[in-house]
């Protein structure tokens with residue numbers, strides 16, 4: 001628990017934009033004040049009435065994060081006082097104060113959300129109450145970047161469902177944070193992810209299939225085989241790729257059904273996945289794809305054979321050097337020659 005004796009010093013620090021290491025001084029102070037909760041509300045309320053603008057804003061969203069009835073009352077009182085510093089802020093939309101979510105709506109609409117630092121920079125136990133607060137904040141936020149980032153860093157079973165929901169948010173950084181958080185959790189996230197393979201949102205189904213392949217747990221094989229019948233082609237192709245990542249022979253027969261698919265990228269994904277599975281009886285299938293009507297599929301077949309050190313890839317790769325796939329063919333020839341650091345067609349990037 002933060003020291004109440006340092007209260008005046010902590011409040012002064014709310015106006016300090018200096019970095020202390022990698023963390024802003026005002027964020028460290030805000031976290032300490034947040035832990036004190038109702039004990040500091042009266043002192044913070046004084047800032048709302050006569051404090052400087054920058055500190056006033058920070059106090060407002062801090063009270064919002066404290067979120068108690070007493071904190072809400074302090075915010076409401078300051079807004080009802082036309083002479084208060086808070087009321088004079090040009091960024092305040094007074095209409096939002098008419099509902100029951102006064103404090104939470106307010107701190108989400110002003111400045112940046114405090115959840116961002118409450119856990120990431122503090123070497124303290126992450127309590128269930130803090131996790132609950134993060135999830136509630138995320139649920140009412142228009143774009144809950146900070147909450148998702150922090151939930152991802154917690155990385156345990158309590159945050160699986162909110163992170164899965166975040167996969168559907170149309171923001172690349174939020175998606176990456178959620179993806180990496182679930183990847184970090186690993187096996188414990190597999191069953192909840194599988195349940196979302198039938199989500200009505202096709203982007204969610206695609207993201208889940210991708211994650212199941214990245215996590216690499218065998219219990220996802222059967223659900224991903226079922227996902228091969230998804231009505232969305234992008235989901236089907238992602239499921240095909242994920243089954244390759246899992247390298248389970250149970251997928252060979254279901255994958256082989258797509259070798260005559262009308263879409264060339266689907267056929268290519270099948271060839272690559274069969275190569276990843278690496279069973280002896282898939283080699284002839286991969287070799288036959290060298291004569292596919294599509295250069296995309298021919299290239300994929302030759303690249304896979306190069307990974308398997310199969311010299312039957314060489315003629316096709318040399319032929320493809322004269323096409324727009326020159327660079328890819330060169331890289332595959334380097335793999336065939338076992339050159340160090342030659343790019344692999346099997347490499348998957350899950351970088352943050």
Task: Segments 216-222, 9-15 sorted - mean Cβ within 10 Å per residue, highest first - done: 9-15, 216-222
Task: Order by protection proxy (mean Cβ within 10 Å, highest first), peptides 163-174, 194-205 - done: 163-174, 194-205
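According to the square roots a ≥ b ≥ c of the eigenvalues of the Cα gyration tensor, what is the shape class of segment 287-352, taking rounded for a/c under 1.5, prolate for a/b larger than b/c otherwise, and oblate for the remainder?
Working: a/c = 1.61, a/b = 1.39, b/c = 1.16.
Taking the square roots of the gyration eigenvalues as a ≥ b ≥ c, segment 287-352 is prolate.
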- [ ] For segment 244-347, just say rounded, prolate or oblate: build the C-alpha gyration tensor, square-root its eigenvalues into a ≥ b ≥ c, call rounded for a/c under 1.5, and beyond that prolate if a/b exceeds b/c, oblate if not.
- [x] oblate
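Of the listed peptides 249-261, 175-187, what is their order by residue-averaged count of other C-beta atoms within 10 Å, with the highest listed first?
On the way: 249-261: 15.5, 175-187: 19.5.
Going by the mean number of other Cβ atoms within 10 Å, highest first, we get 175-187, 249-261.
With a ≥ b ≥ c taken as the square roots of the eigenvalues of the C-alpha gyration tensor of segment 205-293, please select rounded if a/c is under 1.5 and otherwise prolate if a/b is larger than b/c or oblate if it is not? Kindly include the intermediate steps, with their values, before the conclusion.
Numbers: a/c = 2.09, a/b = 1.30, b/c = 1.61.
Since a/c reaches 1.5 but b/c is at least a/b, the shape of segment 205-293 is classed as oblate.
No lab work stands behind these numbers, since they all come straight from the coordinates. Since the structure is predicted, the reported quantities are computational estimates derived from the model, not experimental observations. All Cβ positions, glycine included, derive from the backbone under ideal geometry; neighbour counts span all protein chains shown.
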